[in-house]
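Comments concern the structure below.
The values are calculated or read from the model by the stated rules, or taken from the named source; none is laboratory data. Note that this is a predicted model, so its numbers are computed, not measured. Note that we place each Cβ from the backbone using ideal geometry, even for glycine, and neighbour counts take in every protein chain shown.
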């Protein structure tokens, strides 16, 4: 295979992984209110929302690795570092990164209950990191509107489910308990 066809395949792979990350981010926005436990991973219980969140972050991270390696082949490394430095220049991104660092350092320095502190820091970190995923993937106004619509759709479905549950006591027997709220077909309301 020639060098240009290798680059074309890498471009396509990066674009495909980025598209998967975008779809997972939109799915996350819809399923966020419907958190139900799926499985345990050590002391952590992974939920539907967390699975979408971690999958979106992983796909986004892979797309960044592909994009960075492709970028290093096309231009000097210092230009790629300049792109990374743009995060430092963004005051909101800088505040989020500082908050993330403080959370992790505080958990590591906890004099007692370090395990619980690290667990809390990991959960907070995933919420913080999804900010960077959304910031990158929803830069275009059309994508931001799609993401906002997905959030509104999830919230609306959640509220409709709550209303249905409250107004139909017979239907309540269909709902299963999850995290103290309720669930229909395994989705927490």
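Details
- When 107, 149, 124, 120 are screened for being under 26 Å from residue 16 (Cβ atoms) and without any contact (Cβ under 8 Å) to a residue 60 or more places away in the chain, only 149 passes.
- Counting only residues that are surrounded by fewer than 15 Cβ atoms within 10 Å (Cβ to Cβ) and either modelled with pLDDT of 85 or more or under 20 Å from residue 25 (Cα atoms) (or both), the range 93-109 holds 9 of them.
- Condition met for residue 58 (surrounded by 14 or more Cβ atoms within 10 Å (Cβ to Cβ), out of contact with any helix residue (DSSP H, G or I) (no Cβ under 6 Å at 6 or more places or on another chain), under 22 Å from residue 25 (Cα atoms) and at pLDDT below 85): no
- Checked against the criterion of being within 26 Å of residue 33 (Cβ to Cβ), assigned to a helix (DSSP H, G or I) and at pLDDT 85 or above, the range 166-177 has no qualifying residue.
- Output for the range 16-75, where each listed residue is free of Cβ contacts under 8 Å to residues at least 12 places away in the same chain, more than 17 Å from the chain's Cα centre (by Cα) and either closer than 18 Å to residue 122 by Cα or not in a helix (DSSP H, G or I) (or both): 39, 40, 41, 42, 75
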